[in-house]
Amino acid sequence: MKVLVVGATGAIGSAVAQTLAERGHEVIRAGRTRGDLQVDITSNASVEALYAAVGRVDAIVSAAGGLFFGPLNEMRPADFNVGLQDKLLGQVRLALLGQHVLTDGGSITLTTGIVADEPIRQGANATAVNAAVEGFVRGAAIELPRGIRINVVSPTVLTESLPLYGSFFPGFESVSAAKAAQAYVRSVEGPQTGRVYRVWQ
Ligand SMILES: NC(=O)c1ccc[n+]([C@@H]2O[C@H](COP(=O)([O-])OP(=O)(O)OC[C@H]3O[C@@H](n4cnc5c(N)ncnc54)[C@H](OP(=O)(O)O)[C@@H]3O)[C@@H](O)[C@H]2O)c1
């Protein structure tokens, strides 16, 4: 399959891209500043230019999307808007525009995270945005044409990311990026749609 991975230079995306390539797929790696192609998922024009450059693909994987983390009693509406514009609308944009470049039976895989279901301190934006992405996936799955599927992967904190985020996740088990990548394989190669693949242990 020809697979476009957006966020392919990141902690999750690089493992997903490597795993898919090892399984024989043709992987196109996109990042904001690195990778084979550059894209800004917060921009329609940028995403449209990416899809024009890659042409038809069999699968689109998103492992990108920024959130706002900060204490609720200091949070401003503009802070909350960070996650809405980046991780929520950015991934929705990849799906809405991407459905038209997918082959029949192709797939879209988005990324959320355990915070959708297990709130953490300073994570109100993350919980809301991740839950909204999962709602979009469930809604879109029943309406996508031509046998196109859509799923979402919700990893817990990565072992590789513990130095950055571990203090936000007291008592949470971490998983390796390689283990999380297997859920993306299930979504890309498997038959299911509308699923939330939780990789929490
Ligand atoms: N790491 C974890 O423990 C963990 C756990 C659960 C869920 N998640 C979620 O998984 C997603 C990826 O996390 P990560 O830790 O892998 O992130 P990361 O290491 O910071 O990598 C982010 C990736 O997304 C790209 N990117 C950033 N902003 C972009 C934009 N506006 N348009 C297009 N690409 C953009 C980056 O490209 P450049 O490198 O070129 O800037 C990079 O490839 C996030 O939504 C995060 O919430 C992460």
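Taken over the range 152-201, the ratio of Cα radius of gyration to 2.2 N^0.38 Å equals 1.23.
A cut-off under 14 angstrom between Cβ atoms defines the neighbours of V188, and their net charge, with Lys, Arg +1 and Asp, Glu -1, is +1. Once you reduce the range 163-201 and the range 13-50 to the center of their Cα atoms, the two points are 19 Å from each other. A DSSP coil position with no more than 16 other Cβ atoms inside 10 Å describes the following trypsin sites (Lys or Arg not before Pro) in the range 131-201: R146.
Between N81 and R138, residue separation times 0.36 nm minus the direct Cα-Cα distance comes to 18.3 nm. Look at the alpha carbon pairs under 8 Å that are at least 6 residues apart: their mean separation over the length of the range 9-149 gives a relative contact order of 23 percent.
So if I take the alpha carbon set of the range 47-109, get Rg, then get Rh from the Kirkwood formula, what is the Rg over Rh ratio? With Rh from the inverse mean 1/r over Cα pairs, Rg/Rh is 1.14. Per the Debye formula on identical point scatterers at the alpha carbon atoms of the chain, with no solvent, log10 I(q)/I(0) at q = 0.09, 0.12 Å⁻¹ is -0.30, -0.54. Taking 0.36 nm per residue of sequence separation and removing the Cα-Cα distance, the T103/R34 pair yields an extension gain of 22.2 nm. What part of the accessible area of the range 2-199, given as a whole %, is carbon or sulfur when the probe is 1.4 angstrom? Carbon and sulfur atoms account for 53 percent of the accessible area of the range 2-199. With N as its number of residues, the range 76-127 has a Cα radius of gyration that, divided by 2.2 N^0.38 Å, comes to 1.41.
Per-residue ellipticity at 222 nm, computed for the chain from helices alone with -39500 (n - 2.57) per DSSP H run of at least four residues, works out to -11000 deg cm²/dmol. Remark: the range 2-199 carries 45 Å² of accessible area per residue (probe radius 1.4 Å; ligands, DNA and RNA excluded).
The values are calculated or read from the model by the stated rules, or taken from the named source; none is laboratory data. Predicted model, so just to flag it, every value in this text is computed and none were measured. No Cβ is skipped: glycine too gets one built from the backbone with ideal geometry, and neighbour counts run over all protein chains shown. Please note that ligands, DNA and RNA were not included when accessible areas were found on the heavy atoms of the full protein model with its side chains. Shrake-Rupley method; radii C 1.70, N 1.55, O 1.52, S 1.80 Å.
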